[in-house]
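Down below is the structure, laid out as structure tokens.
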Ligand code: P6P
């Protein structure tokens with residue numbers, strides 16, 4: 001057998017293989033995903049050097065979210081913007097780090113609009129906890145113009161979504177709508193190789209992932225939901241454990257693979273969630289549903305929520321479908337500020 005046959009499937013090969021399921025595809029989506037892989041490699045290289053080069057700490061700026069911008073936030077954002085801009089596949093972008101829609105000049109404009117969180121979990125950078133990039137891909141609506149209506153649409157209209165986790169390894173997970181597949185970056189070759197094919201989220205909640213210090217501010221449905229799930233443990237058998245690292249993308253990746261329920265409920269004092277709908281909740285909800293899980297907010301499925309602004313926030317319950325349904329029943333019983 002030739003050496004080449006020993007190598008696994010690369011991201012580009014997998015994306016091109018997916019293309020076969022889209023008759024008439026012109027390869028632009030494939031090119032976009034391949035370029036997202038390039039951006040992930042570039043950001044990974046910077047993340048892996050944090051501490052060795054001057055990228056720890058903040059830039060002194062505050063972003064549209066009112067959060068202190070970390071140096072790596074800015075590096076990741078600028079990298080993602082420039083790679084997508086030069087890809088020729090994108091007409092406009094929305095970034096957690098940018099106030100407004102980022103248009104792409106006509107010479108480089110393409111068929112898609114992309115919303116992304118360039119570096120989720122950045123409060124963990126300086127303590128070397130896993131962080132990541134999350135992205136959502138929509139087809140542009142009009143050939144001759146691009147605007148907010150191209151991206152302020154329910155997540156169900158996405159044609160692709162995924163994330164890159166800069167953890168013990170750099171992994172890229174994406175779906176083009178049929179399967180959720182995971183690729184691991186091989187540092188020696190610089191290639192992403194397929195390492196988990198057609199991921200299915202386990203049906204049972206093995207891990208609970210929630211910041212319980214926010215308990216005093218949660219709606220009334222949260223306590224009973226947690227008690228019902230924790231109640232599955234007994235002195236002889238531990239069925240559920242707590243795992244929460246405060247980095248949504250890393251918490252989600254673990255939960256996707258091992259079966260975990262992540263919850264970030266709204267603050268009942270304000271009725272507002274913390275997580276962003278367009279580039280955190282929607283892409284992960286899309287992956288969760290394709291992998292057999294579910295994702296909800298107070299008003300129903302995350303993917304059916306109509307955004308009103310680029311930086312809309314939402315409550316989020318995401319994980320095994322049966323426990324997302326449990327949370328929904330508890331919301332119906334006890335009420336939730338997002339139900340209106
Ligand atoms: P808290 C990171 O800033 C983030 O957006 C998510 O990655 C994470 O799950 C959440 O905030 C943590 O928020 O309020 O628990 O610190």
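Checked against the criteria, residue 234 does not count as outside any strand (DSSP E or B) and within 13 Å of the ligand (Cβ to nearest atom).
Taking the criterion of being touching a residue at least 60 places away in the same chain (Cβ under 8 Å), within 16 Å of the ligand (Cβ to nearest atom) and in contact with a strand residue (DSSP E or B) (Cβ under 6 Å, 6 or more places away or on another chain), would at least one residue in the range 141-155 satisfy it? The answer is no, given that none of the residues of the range 141-155 is touching a residue at least 60 places away in the same chain (Cβ under 8 Å), within 16 Å of the ligand (Cβ to nearest atom) and in contact with a strand residue (DSSP E or B) (Cβ under 6 Å, 6 or more places away or on another chain). Where strands (runs of 3 or more DSSP E) sit wholly within the range 4-117, those with at least 1 residues that are free of Cβ contacts under 8 Å to residues at least 12 places away in the same chain and within 16 Å of the ligand (Cβ to nearest atom) occupy 58-62, 68-70. Residues of the range 185-195 include none that is at pLDDT 95 or above and under 30 Å from residue 298 (Cβ atoms). The combined condition, being out of contact with any helix residue (DSSP H, G or I) (no Cβ under 6 Å at 6 or more places or on another chain), farther than 26 Å from residue 138 by Cα and assigned by TED's automatic domain parsing to the domain that holds residue 132, is not fulfilled by residue 246.
The values are calculated or read from the model by the stated rules, or taken from the named source; none is laboratory data. If you're wondering where the values come from, they're calculated on a predicted model, not measured in any experiment. With ideal geometry, Cβ positions are generated from the backbone for all residues, glycine too; neighbour counts draw on all protein chains shown.
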